[in-house]
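The values are calculated or read from the model by the stated rules, or taken from the named source; none is laboratory data. Just so you know, these numbers come straight off a predicted model, no measurement behind them. As a convention, Cβ positions derive from the backbone with ideal geometry for all residues, glycine included, and neighbour counts pool all protein chains shown. Accessible surface is based on the protein model in full, side chains and every heavy atom, while ligands, DNA and RNA are left aside. Shrake-Rupley method; radii C 1.70, N 1.55, O 1.52, S 1.80 Å.
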Amino acid sequence: MRIFTGCACALVTPFDAEGRLDAAALARLVRWHIGRGTDALVVCGTTGEASTMTEREQAEAAANAVEAADGRVPVIAGVGGNDTRRVIAACKVARAAGADGALAVTPYYNKTTQEGLIAHYTAVAEASEIPLILYNVPGRTGLNLRPETAAALARHENIAGMKEASGDMAQTMEAIRLCGAEFAVYSGCDELTLPVLACGGAGVISTAANVVPEKMRALCALYFSGDIAGARKMQQALAPLISALFARVNPIPVKAAAAILGLCENNVRLPLVAMRPEETGGLRELLAELAC
């Protein structure tokens, strides 16, 4: 059931100067990541600004990424929402686009109970024809998927893992313990990648991988190969950049960094506003230090 092990990039979504989806740039991004060894790709997630994309745009982005990947790496489509029926419909669209899995954030605004989370995810998993990854990010949704709830859901045959972005290592460790070794728990916080791996995590779904894919993948590979010191050195080396990438609301800084590297245009959709050129000096210096 595990869709991937290692580093998945939570891809930015390229938009052109008029704010339209730039499908050609997205395809180039996918091929660029494959050339750098990225283990999996997530489209239309938080970093991909899915909340400002139409259903049609999300379907187009997923299909475009799948076509560009051409079976070389798994493509996971974001399908999260706060209406279970719409999430189920989004899973069907992701399946039709050829996605290998779906990433579903916990419902937001009309927040439910832990019992409601079990009912919601169970309904989605049973209706979906592709494996589901749970996504816990209470800082954005206001709803925390507790470890015991994750453990109950981990028993479902079509739930393949969880992106844990609570930032709470005690909670993450408990979720890994309760869910068991066969269930893939991924770090959703780049700065906690190594600690999550050390607690038994299966990898990371990474924002930083948009600009340092080889290094984020190497961090995971070093750990899994037994080179703990090497993994620690890599995590420490990446710490200043990771901090800078989250100094403003994601994906504002990472899109600016991607633009510095010539990977896409520095265009975000309102209510987000792009970093101005005079504000990106620190990112330029950090990317240069890491030889990006």
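I'd like to check something: does region 148-156 contain any residue that is open to solvent by less than 10 Å² (accessible area, probe 1.4 Å), modelled with pLDDT of 95 or more, closer than 15 Å to residue 84 by Cα and β-branched (Val, Ile, Thr)? Checking region 148-156: not a single residue is open to solvent by less than 10 Å² (accessible area, probe 1.4 Å), modelled with pLDDT of 95 or more, closer than 15 Å to residue 84 by Cα and β-branched (Val, Ile, Thr).
How many of the residues in region 13-61 are of a type outside the set (Gly, Ala, Ser), open to solvent by 50 Å² or more (accessible area, probe 1.4 Å) and assigned to a loop (DSSP other than H, G, I, E, B)?
Taking region 13-61 and keeping what is of a type outside the set (Gly, Ala, Ser), we get 13-16, 18, 20-22, 26, 28-34, 36, 38-39, 41-44, 46-47, 49, 52-58, 60.
After this cut, where a residue has to be open to solvent by 50 Å² or more (accessible area, probe 1.4 Å) as well, the list is 18, 20, 28, 31-32, 36, 54-56, 60.
Then drop every residue that is not assigned to a loop (DSSP other than H, G, I, E, B), which leaves 18, 20, 36, 54.
Of the residues in that region, 4 qualify.
The sole residue among 82, 64 that is polar (S, T, N, Q), at negative phi and part of a loop (DSSP other than H, G, I, E, B) is 82. Selection of region 189-215 for residues being part of a helix (DSSP H, G or I) and open to solvent by less than 10 Å² (accessible area, probe 1.4 Å) yields 190, 193, 196, 197, 208, 209, 210, 213.
Restricting attention to region 98-129, the residues that are within 20 Å of the chain's Cα centre (by Cα), surrounded by fewer than 21 Cβ atoms within 10 Å (Cβ to Cβ) and closer than 18 Å to residue 75 by Cβ add up to 1. Contact map, region 154-173: residues that are within 15 Å of residue 106 (Cα to Cα) and acidic (Asp, Glu) paired with residues that are part of a helix (DSSP H, G or I) and at pLDDT 95 or above, Cβ distance under 7 Å, separation 6+ or inter-chain. Pairs shown: 164/172; 164/175.
The selection criterion, being closer than 28 Å to residue 86 by Cβ, open to solvent by less than 40 Å² (accessible area, probe 1.4 Å) and among the β-branched types (Val, Ile, Thr), holds for residue 159. All told, residue 217 meets the bar of being within 30 Å of residue 261 (Cβ to Cβ) and basic (Lys, Arg).
All told, residue 92 falls short of being farther than 17 Å from residue 2 by Cβ, basic (Lys, Arg) and at pLDDT below 95.
Close Cβ contacts (under 7 Å, 6 or more residues apart or on different chains) running from residues in region 84-95 that are of a type outside the set (A, V, I, L, M) to residues that are assigned to a helix (DSSP H, G or I) and crowded, with 18+ Cβ neighbours inside 10 Å comprise 84/120; 84/124; 91/124. For beta carbons closer than 6 Å, sequence separation of 6+ or different chains, a first residue in region 5-21 that is free of Cβ contacts under 8 Å to residues at least 12 places away in the same chain and under 16 Å from residue 75 (Cβ atoms) and a second that is aliphatic (A, V, I, L, M) and open to solvent by less than 10 Å² (accessible area, probe 1.4 Å), there are no qualifying pairs.
The residues on offer are 122, 172, 141, and the sole one that is over 21 Å from residue 205 (Cα atoms) and not hydrophobic (A, V, I, L, M, F, W, C) is 122. Listed by position, the helices (runs of 4 or more DSSP H) inside region 217-292 whose residues that are open to solvent by 40 Å² or more (accessible area, probe 1.4 Å), under 24 Å from residue 39 (Cβ atoms) and touching a helix residue (DSSP H, G or I) at 6+ places or on another chain (Cβ under 8 Å) number at least 2 are 228-245. Here residue 139 meets each of (1) surrounded by fewer than 22 Cβ atoms within 10 Å (Cβ to Cβ); (2) touching a Cys at 6+ places or on another chain (Cβ under 7 Å) with one exception, condition (2).
The single condition among (1) modelled with pLDDT of 95 or more; (2) under 27 Å from residue 167 (Cα atoms); (3) assigned to a loop (DSSP other than H, G, I, E, B) that residue 104 does not satisfy is (3).
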